[in-house]
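What follows is one structure encoded as C-alpha cells, with my remarks underneath.
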Amino acid sequence: MIKNSAFTLLELIVVIVILGILATLGYTQYTKIVERMRAAEAVSGIGLMRKLAYQYWLEYGDISAMTDGDLGIGSSQLPNSCTSTHYFYYDTCCGSGTHRQLRAHRCTSGGKPPSYTTGNAYIIIIDYYPSTGAGGFSCWDAVAGQSVSWCVP
C-alpha cells in the first residue's frame with residue numbers, strides 16, 4: 001500500500017491564515033517602533049535647541065532677544081521647513097525673558113507616513129526656564145487632538 005504524505009488544501013489554508021494574522025500583528029508593532037525612532041530625531045533636535053538656549057542665557061542673562069538662528073534653527077541639522085531628509089522641522093514660540101517653547105513639528109508631506117490630510121501631525125513642546133533649569137516636556141497629536149506618551153524621553 002502506498003501512503004501519500006502531502007498536505008491537504010485545508011491544512012494549507014489554515015497555515016496561510018495563521019501566517020497572515022502573525023504578519024498583521026508584527027507590522028502593527030513595527031510601525032509603532034519606526035514612529036518612535038522618528039520621534040527620537042525631534043527629541044534630539046529639541047535637546048540641541050535647549051543646550052544652545054542655555055548657552056545663550058549664560059552669555060546674555062536672558063533669552064528675550066534670542067532668535068531661531070541662535071538655536072541652530074534653519075541649519076541642515078535643524079531645518080525650519082520640511083525637507084526630504086528630516087521628519088520634523090523646528091521653531092520657537094511664545095517666549096519672554098525666562099520662557100520659550102521649543103517646538104518640533106512632524107512633516108507629513110512628501111509621502112512621509114503617517115499621511116494625514118491636515119497639517120502637522122505632532123508638535124513636541126518644551127517649556128524651558130533657563131534661570132531655574134526647570135521645564136516641562138509634552139507631546140501633542142494635533143490631528144487626533146490629544147496628548148501622546150510615546151515621544152517623552
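Between Leu22 and Ser84, the distance separating the two model label sites (each 7 Å from Cα on the Cα→Cβ line) works out to 3.8 nm. Using R0 = 41 Å, the C-beta based FRET efficiency linking Ser147 and Glu11 works out to 0.30. In this structure, the amide hydrogen of Phe88, modeled 1.01 Å from its nitrogen in the peptide plane, lies closer than 5 angstrom to those of Cys107, counting only residues at least 5 positions away or on a different chain. For the stretch 30-42, 3J(HN,Hα) computed residue by residue from phi via the Karplus equation (6.51, -1.76, 1.60; θ = phi - 60°) reads 4, 5, 5, 5, 4, 5, 5, 5, 5, 5, 4, 4, 5 Hz, glycine and proline entered as x.
Each residue of the stretch 10-19 was assigned a 3J(HN,Hα) from its phi angle through the Karplus expression (A = 6.51, B = -1.76, C = 1.60, θ = phi - 60°), giving 5, 4, 5, 5, 4, 5, 5, 5, 4, 5 Hz with x at Gly and Pro.
Laboratory data are not the source of any read-out in this text; all were calculated from the coordinates shown. These numbers were taken from a predicted model, which means no experiment stands behind them. Using ideal geometry, Cβ is built from the backbone for each residue, glycine included, and neighbour counts are taken over all protein chains shown.
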